[in-house]
Amino acid sequence: MVEICKKKFGDKDNVLFRTLDAEQLEAAPETYAMSVSGFVAQWFDQPAMTMGKLLEATKPGGLLLGSFPGNESFPEW
């Protein structure tokens with residue numbers, strides 16, 4: 001996913017891509033304009049706290065995009 005986004009959007013000076021371990025995210029408030037968490041929260045040791053860290057690291061007006069598995073998603077796996 002990151003490589004596809006780099007190809008599509010990475011040639012702009014104001015766009016950086018990083019792959020991070022959300023559970024090890026250092027306290028750096030309002031760092032990111034957008035964070036994407038795709039089907040990973042179920043693997044966190046402390047999901048609510050980790051998602052909170054991601055939210056705290058999001059700039060005001062920024063986006064925290066997350067997808068979560070639900071009871072309807074398992075048959076597709």
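By how many nm would the segment from Ala48 to Phe68 lengthen if fully extended, with 0.36 nm per residue of separation less the alpha-carbon distance?
Details: separation 20, 0.36 × 20 = 7.20 nm, distance 1.25 nm.
Value of the extension gain: 5.9 nm.
Given Cβ point charges of +1 (Lys, Arg) and -1 (Asp, Glu) and nothing else, what value in debye, to the nearest 20, does the dipole of the chain about its Cα centre take? Working shown, then result.
Numbers: 7 positive and 11 negative charges, 66 e Å.
The calculation lands at about 320 debye.
For the chain, what is the accessible area per residue in Å² when the probe is 1.4 Å?
Numbers: 6280 Å² over 77 residues.
Value returned for the chain: 82 Å² of accessible area per residue.
So between Val2 and Phe17, what do we pick up on full extension, going 0.36 nm a residue minus the alpha carbon distance? Each step should come with its number before you reach the end.
Numbers: separation 15, 0.36 × 15 = 5.40 nm, distance 0.70 nm.
Extra length from Val2 to Phe17 when fully extended: 4.7 nm.
Take the solvent-accessible surface of the protein heavy atoms, probe 1.4 Å, and return the percent of it on the chain that carbon and sulfur atoms account for.
Values: 3610 of 6280 Å².
Carbon and sulfur: 57 percent of the exposed surface of the chain.
Through the Karplus equation 6.51 cos²θ - 1.76 cosθ + 1.60, θ set to phi - 60°, convert the phi angles of the stretch 9-18 into ³J(HN,Hα) values in whole Hz; use x for Gly and Pro.
Once rounded to whole Hz, the list reads 10, x, 7, 8, 5, 9, 10, 10, 10, 9.
Against the 2.2 N^0.38 Å scaling, with N counting residues, where does the chain land? I'd like the Cα-based Rg ratio to two decimal places.
1.20
Under 5 Å between amide hydrogens, which residues at least 5 positions from Gly66 or on another chain qualify, with H placed 1.01 Å from N in the peptide plane?
Ser37
Would you please give the residues with an amide H less than 5 Å from that of Thr31, counting only those at least 5 places away or on a separate chain, with H modeled from the backbone geometry?
Amide H neighbours of Thr31: Thr58, Lys59.
Using each residue's phi in the stretch 52-58, evaluate 6.51 cos²θ - 1.76 cosθ + 1.60 at θ = phi - 60° and report the 3J(HN,Hα) Karplus result to the nearest Hz, with x for Gly and Pro.
Once rounded to whole Hz, the list reads x, 4, 4, 5, 5, 7, 9.
The values are calculated or read from the model by the stated rules, or taken from the named source; none is laboratory data. Quick caveat: nothing in here was measured; it's all calculated off a predicted structure. Positions of Cβ are backbone-derived with ideal geometry, glycine not excepted, and every protein chain shown enters the neighbour counts. In case anyone asks, the SASA skips ligands and DNA or RNA and just uses the protein heavy atoms, side chains included. Shrake-Rupley method; radii C 1.70, N 1.55, O 1.52, S 1.80 Å.
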